[in-house]
Amino acid sequence: MQKAGPKERIMETATRLFYRQGFNSTGINQILDEAKVAKASLYQHFSSKEDLGLHYLKASRESWFAGLEQWTGKKKAPAQKVAACFDFLEYVMQQQDFLGCKFINMLSEIGESCAAMYAEILAHKTKLRAYFTQLVHDALPAKDGEGAGLTADAIYLLFEGAIVETKICRNTWPIRKARQMSLQLLER
């Protein structure tokens, strides 16, 4: 097994720290100390802490959608794929100790102060909404576009709300309820 290089160690450390303790509470020196790399290595790969944050968000989106695709790809029926999205979310929230959504967490810290990171957060949420829209259109081909779009948005909002409530409650019941409600919406 090949040892991770400085860039990979910086990213792994930043990913863990940004998610666990927050972007604003994580200093560059802490990242460097825990990654065991010199400051020059950091700036060789990332121009600033914000640039590192941007890479963190991009990598998080890629990882999130790879996991989501893995869970939904095992299902054939579109309604089963919608249910699998919630199953994936329940699994992830438990694995990540109910820390919530990396993108919502980052947004709560940075607001719109860093345009590039804000754009990445918005891109993630836009892609997730489009993902649900496609699943619902596949599940409800006979429903008119506006009706399917409204159902897709309702399911997307149930999904997003379940993330926040699960973080607050430190329990997955909101995800299970949102899953149940989403499947009921698809049956109407």
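The values are calculated or read from the model by the stated rules, or taken from the named source; none is laboratory data. Small disclaimer: the values here were computed from a predicted structure and weren't measured. So basically every Cβ, Gly included, is an ideal-geometry build from the backbone, and we count neighbours across all protein chains shown. Please note that ligands, DNA and RNA were not included when accessible areas were found on the heavy atoms of the full protein model with its side chains. Shrake-Rupley method; radii C 1.70, N 1.55, O 1.52, S 1.80 Å.
In straight-distance terms, cross-link reach from Lys39 covers every one of the lysines whose alpha-carbon lies under 18 Å from its own, apart from those fewer than eight places away in the same chain; here that gives Lys7, Lys49.
If each residue of separation counts as 0.36 nm, what is the full-extension length gain between Gln180 and Leu122 once their alpha-carbon separation is subtracted?
Numbers: separation 58, 0.36 × 58 = 20.88 nm, distance 2.68 nm.
The span from Gln180 to Leu122 would gain 18.2 nm if fully extended.
The alpha carbon radius of gyration of the range 1-101, expressed as a multiple of 2.2 N^0.38 Å, is 1.29. Kirkwood hydrodynamic radius of the chain, from the reciprocal of the average inverse Cα-Cα distance over all distinct pairs: 17.8 Å.
Accessible area per residue for the chain is 54 Å², calculated with a 1.4 Å probe on protein heavy atoms, without ligands, DNA or RNA.
In straight-distance terms, cross-link reach from Lys74 covers every one of the aspartates and glutamates whose alpha-carbon lies under 17 Å from its own, apart from those fewer than eight places away in the same chain; here that gives Asp87, Glu90, Asp138.
Quick check: residue separation of Gln94 and Glu50 times 0.36 nm, minus the Cα distance between them. What number comes out in nm? Don't skip to the answer; put the middle values down first.
Details: separation 44, 0.36 × 44 = 15.84 nm, distance 2.83 nm.
Result: 13.0 nm gained on full extension.
Express in whole angstrom the spacing between the alpha-carbon centres of the range 69-115 and the range 153-173. Rounded to whole Å, the Cα centres lie 10 Å apart. Between the beta carbons of Ala77 and Asp144, assuming R0 = 25 Å, the FRET efficiency works out to 0.75 to the nearest 0.05. Our summary of shape: the Cα atoms of the range 93-188 have principal axis extents of 43, 32, 17 Å, ordered from largest down, in whole angstrom. Note on the range 38-188: with neighbouring protein chains present and a 1.4 Å probe, carbon and sulfur make up 54 percent of its accessible heavy-atom surface.
Which of rounded, prolate or oblate describes the range 68-135 when judged by the alpha-carbon gyration tensor and an a/c cut-off of 1.5? Because a/c hits 1.5 or more and a/b fails to exceed b/c, the range 68-135 counts as oblate. Extension gain for the segment Ser63 to Asn171, taken as residue separation times 0.36 nm less the Cα-Cα distance, is 36.6 nm to one decimal.
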